[in-house]
Amino acid sequence: MSKGRLIVFSAPSGCGKGTMLAEILKDDSFYLSVSATTRAPREGEVDGENYHFLTKEKFEELIANDGVLEYAKYCDNYYGTPLKPVEDYLNAGKNVILEIEVQGAMKVKERMPDALMIFVLPPSVGELRRRLEKRGTESLEVIEKRVSAASDEIKCAEKYDYVIVNDALEDAVNDFKAVIKAEKQKTKYAGELIDEVIKNA
Ligand code: 5GP
């Protein structure tokens, strides 16, 4: 069985990536990595499902033991990708999605240059602020921090392989599927397909 593809999926908070991912994950060839974080759970978030919620001490222990593929500090909290499950799922042939911010994404690109880098854009920064206000899960102060972080992050979108604008959900998900399809047909990843064609002489 061939190994799965590592997919970095970044989007400033409020870009609707949660709903996009819910659609994408209906296809079970994809696995969404569960990150570790030191931020407090939001209402309804479940430990081990949405995140592994850790204390700062536990998180620093994980870093010290080389337990993370990458990590970053974002809006005063640590976020990181536990390494072992990523390796296990890739070896099992799953396409592993890392839903991570830009600093961590750049570290993954350095460490695993074959990772497929996708950045999701909001239609505009103004629309992003409106979505965060409507979601109402953060205070106004945190919303301003996130909007400012988002503007900085968007400037890094050019470092990714693809950008997808999430205006209408269905279009954005179709764009994601189109990217995955195109990538599969890159000669670099089409070895198995080419072998099959030759075998069937
Ligand atoms: P939130 O607090 O809204 O769940 O996430 C805040 C930011 O942290 C988002 O941009 C999200 O993509 C990012 N994030 C979540 N998990 C990770 C991770 O494991 N590593 C890194 N570098 N960023 C992450």
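Observations on the model:
- Qualifying position, being away from the ligand (no atom under 14 Å from the Cβ) and either small (Gly, Ala, Ser) or closer than 26 Å to ILE24 by Cα (or both), among ARG129, ARG135: ARG129
- Answer residue from segment 1-20, given it is over 18 Å from TYR74 (Cβ atoms) and not small (Gly, Ala, Ser) and is farthest from the chain's Cα centre (by Cα) among those: MET1
- Contacts under 6 angstrom Cβ, first residue in segment 146-163 being within 14 Å of the ligand (Cβ to nearest atom), partner at pLDDT 95 or above, 6 or more apart: ALA157/PHE119; ALA157/VAL163; TYR160/MET117; TYR160/PHE119
- Residue check, TYR79 within 12 Å of the ligand (Cβ to nearest atom), in contact (Cβ under 8 Å) with a residue 40 or more places away in the chain and outside any loop (DSSP other than H, G, I, E, B): yes
- Residues of segment 48-61 that are assigned to a helix (DSSP H, G or I), under 22 Å from ILE97 (Cβ atoms) and away from the ligand (no atom under 11 Å from the Cβ): none at all.
- Any hit, segment 176-188, residues being modelled with pLDDT of 95 or more and acidic (Asp, Glu): no
- Looking only at residues of segment 6-27 that are assigned to a loop (DSSP other than H, G, I, E, B) and modelled with pLDDT of 95 or more, we find that the one that is farthest from TYR189 (Cα to Cα) is LYS26.
- Residue among ALA64, ALA22, ALA40 that is more than 9 Å from the ligand (Cβ to nearest atom), within 26 Å of VAL173 (Cβ to Cβ) and surrounded by fewer than 16 Cβ atoms within 10 Å (Cβ to Cβ): ALA22
- Any hit, segment 73-96, residues being in contact with an Asp or Glu (Cβ under 6 Å, 6 or more places away or on another chain), buried (at least 17 other Cβ atoms within 10 Å of the Cβ) and of a type in the set (A, V, I, L, M): no
- Whichever residue in segment 82-110 is farther than 19 Å from GLU158 by Cα and of a type in the set (Lys, Arg) and, among such residues, is nearest to the ligand (Cβ to nearest atom): LYS84
The values are calculated or read from the model by the stated rules, or taken from the named source; none is laboratory data. Please read these numbers as outputs of a predicted model, since none were measured by experiment. Here Cβ is always computed from backbone atoms with ideal geometry, including for glycine, and neighbour counts include all displayed protein chains.
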